[in-house]
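Below is one structure, written out as C-alpha cells; comments come after it.
The values are calculated or read from the model by the stated rules, or taken from the named source; none is laboratory data. Being a predicted model, the structure only gives us computed values, none of them experimental. Positions of Cβ are backbone-derived with ideal geometry, glycine not excepted, and every protein chain shown enters the neighbour counts. When the accessible area is computed, the model is the full protein with side chains, heavy atoms only, and any ligands, DNA or RNA have been set aside. Shrake-Rupley method; radii C 1.70, N 1.55, O 1.52, S 1.80 Å.
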Amino acid sequence: MTQDEMKKAAAIKALEYVKPGSIVGVGTGSTVNHFIDALATIKNQIEGAVSSSEASTAKLESYGIEVFDLNSVDDLAVYVDGADEITEHMHMIKGGGAALTREKIVAAVAKTFVCIADESKLVPVLGNFPLPVEVIPMARSYVGRELVKLGGDPMYRQGVVTDNGNVIIDVYNMSILNPIEMEQKINAIVGVVTNGLFANRAADVLILGTPNGSKVVEAK
Ligand code: 5RP
C-alpha cells in the first residue's frame, strides 16, 4: 500500500464514528480530503458539516454537503482531522497545511476528536516535524525572538497567509518533551494566535492506515 492508500484506509474507517443525522466536524489536509470523499457517499444521512478551512469548505460544498457556521452549532459529536505527528498519548503536531487555528477551535467544540493518519505519523516524541505557529503579522519578528528563547529555530513560512489573514512561523529543532506545557508557553507569547501543538485537547481516537488496512489505536 502507498502512503496515500494508507491515508484513504484510515479516512474510510472514520465513517464508523459519524452519527446519523448529525453535523460533522471536518479538518483539513490530504487525509481529510479522502474523508470528505467518503462522507459524500453518506451525505444524505448527515445534516451537514462544520469546516476548519476554506479549502475543506470548498470541497464539502462541491459535493453538496451543507457547511454550517460554527457559531450556529451547539453540539458537535465528532471532529475528524489528520496530524503531522501523533504520539501514543494522542498529543499531536498539526498545522502543516496552515489551518491549525480553525482546527483547534472546531476540536475544542467537538465531544470526540478522531485523528486519521498513515502509520508514519505515529512517533515516540513530537518535534521532528517543525512546529507551526500562527502569528499576527506585525508580531512576526518579536515572536521569532521569543521562540529562540524557548530553544527553537524559527523560520518564516514564505508566501503563506492563513484563512485568518495571519502568517506562519515553523519552529525547527524544538525539544518537545512536555507538549502540554510547551503548548501553553508558546500560546502565552503576545502576538501568537495559536500553535500547532494539540496536547491540552488531544485526540480521543487514532485511526492509523497501515499496509494491512486501518487499525484503531488506544490511547496510553
Ligand atoms: C493542516 C493539518 C493536517 O491535518 C496535517 O498537516 C496533516 O495533513 P495530511 O493529512 O495532508 O498529511 O494540520 O493544517
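Some notes on this structure:
- Test: residue 57 is part of a helix (DSSP H, G or I), over 26 Å from residue 127 (Cα atoms), polar (S, T, N, Q) and open to solvent by 10 Å² or more (accessible area, probe 1.4 Å): yes
- Checklist (1) within 28 Å of residue 11 (Cα to Cα); (2) open to solvent by 40 Å² or more (accessible area, probe 1.4 Å); (3) not in a helix (DSSP H, G or I) applied to residue 95, failing item: (2)
- Of all residues in region 8-27 being in contact (Cβ under 8 Å) with a residue 24 or more places away in the chain and open to solvent by 30 Å² or more (accessible area, probe 1.4 Å), the one that is nearest to the ligand (Cβ to nearest atom): 8
- Lone qualifier among 116, 176 - being within 14 Å of residue 91 (Cα to Cα), over 17 Å from the mean Cα position of the chain (by Cα), in contact (Cβ under 8 Å) with a residue 40 or more places away in the chain and surrounded by 21 or more Cβ atoms within 10 Å (Cβ to Cβ): 176
- The number of residues in region 69-92 that are in a strand (DSSP E or B), within 20 Å of residue 50 (Cα to Cα) and in contact (Cβ under 8 Å) with a residue 60 or more places away in the chain comes to 2.
- Residue satisfying all of: in region 119-153; loosely packed, with under 15 Cβ neighbours inside 10 Å and of a type in the set (Lys, Arg); nearest to residue 206 (Cα to Cα) among these: 149
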